[in-house]
Amino acid sequence: MNRRFLPVFAGFFALAAATLAAAQGPVALDASKLKLASANVLVLDAEANRPIYAKAANDVTPIASLTKLMTAIVTLDSGQSLDDPIAIDMDDFDFLKGSHSRLKMGAELPRREMLRLALMASENRAASSLARHYPGGMPAFIAAMNAKAQALGMTRTRFADPTGLTAQNVSTASDLATLVSAAAQYPLIREFSTTQSHFVEVQSTGQVLGFNNTNGLVKSADWDIQVSKTGFIREAGKCLVMMATIASKPVVIVLLDSLGRYTRVADAIRVKYWLETGETMPVRTATKSVKPAKAMAKKPAKAPVQGKVAQNTVKSGKTPRA
């Protein structure tokens, strides 16, 4: 056979195999074939609200910046104008973990942009500013977070701050699946949490800042993600929650306390492969699949030509934002 036609035939047979698999219906899922490194996991059929896979899903654990999904819900439920400008104050600085932020003292943005940065870039000062400007201030905001958790049936969840920097913010994989499903009902949370990159002009200085999503998978053509949030503090480990369409169904994925810098991404890819094929992902395939996500997570947003620009770079320090 002419070598030039080999790729054509390979593509044809791959398409035929995929068509045959679809005709045969959903694949049989054997939980023993899903090997994950995350300590606490829940994979949920979002339509049927039925667990597909669970691993220590009811254990209470710190949740880091996954907290910001609740911060966004409470902000939007308040009905405050998203066009109102709010500013960063000294009270928004992180003196607990010493995490990095490029929103400096006095930086002013519309509430809408603070919300977007809190979700997509896990900006701690933005999340804190949203809570401070809530009616009744920070105490009232935290009370509203806990009240919303109870209303959603998240009985093992407690919030002590709007950023997740404190280990006192705790939940379970099961409760967080509920939170992700609730967050998916808000169009702005769906949009902002999956925004790949974004520029804001700080109103007080005119400086233009570029930010990237902390979840590199939102840039991948292989994924259809509706809600996304990452999290990290030392006590929580690396965390990732998503709602994504996999095998033509909406699925919630909760991955908590992942060891290693890229383990949460690799676990998410393993979950997707298992849901689509019913098989364990080959090690070599998993290694190759993680590299694009690794590169995407590190690539900064390109700056526009006009204006004073500071690009988004992730500095290594005591505590990354997510």
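The values are calculated or read from the model by the stated rules, or taken from the named source; none is laboratory data. All values derive from a computational prediction rather than experimental measurement. Neighbour counts are summed over all protein chains in view; Cβ atoms, including those assigned to glycine, are modelled from backbone coordinates with ideal geometry.
Structure summary
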{"read-out": "Residue in the stretch 254-267 that is at pLDDT 95 or above, acidic (Asp, Glu), within 15 Å of the chain's Cα centre (by Cα) and in a helix (DSSP H, G or I) present", "value": "yes"}
{"read-out": "Selection within the stretch 116-148 - of a type in the set (Gly, Ala, Ser) and in contact with a helix residue (DSSP H, G or I) (Cβ under 7 Å, 6 or more places away or on another chain)", "value": "118, 122, 126, 127, 128, 129, 131, 144"}
{"read-out": "Single match in 131, 149 (criterion: in contact with a Pro (Cβ under 7 Å, 6 or more places away or on another chain) and either in a helix (DSSP H, G or I) or within 28 Å of residue 244 (Cα to Cα) (or both))", "value": "131"}
{"read-out": "Complete set of residues in the stretch 90-108 that are surrounded by 14 or more Cβ atoms within 10 Å (Cβ to Cβ) and either on the phi > 0 side of the Ramachandran plot or not in a loop (DSSP other than H, G, I, E, B) (or both)", "value": "92, 108"}
{"read-out": "Selection status of residue 81, in contact (Cβ under 8 Å) with a residue 24 or more places away in the chain, part of a loop (DSSP other than H, G, I, E, B) and farther than 26 Å from residue 61 by Cβ", "value": "yes"}
{"read-out": "Unique match (being assigned to a helix (DSSP H, G or I), surrounded by fewer than 20 Cβ atoms within 10 Å (Cβ to Cβ) and at pLDDT 95 or above) among 76, 66", "value": "76"}
{"read-out": "Residue 138 modelled with pLDDT of 95 or more, of a type in the set (A, V, I, L, M), part of a helix (DSSP H, G or I) and crowded, with 18+ Cβ neighbours inside 10 Å", "value": "no"}
{"read-out": "Top-ranked residue in the stretch 221-251 [being more than 14 Å from the chain's Cα centre (by Cα) and outside any strand (DSSP E or B); ranked as surrounded by the fewest Cβ atoms within 10 Å (Cβ to Cβ)]", "value": "221"}
{"read-out": "Search result, residues across the stretch 159-185 that are crowded, with 18+ Cβ neighbours inside 10 Å and either part of a helix (DSSP H, G or I) or free of Cβ contacts under 8 Å to residues at least 60 places away in the same chain (or both)", "value": "173, 174, 175, 176, 177, 178, 179, 180, 182, 183"}
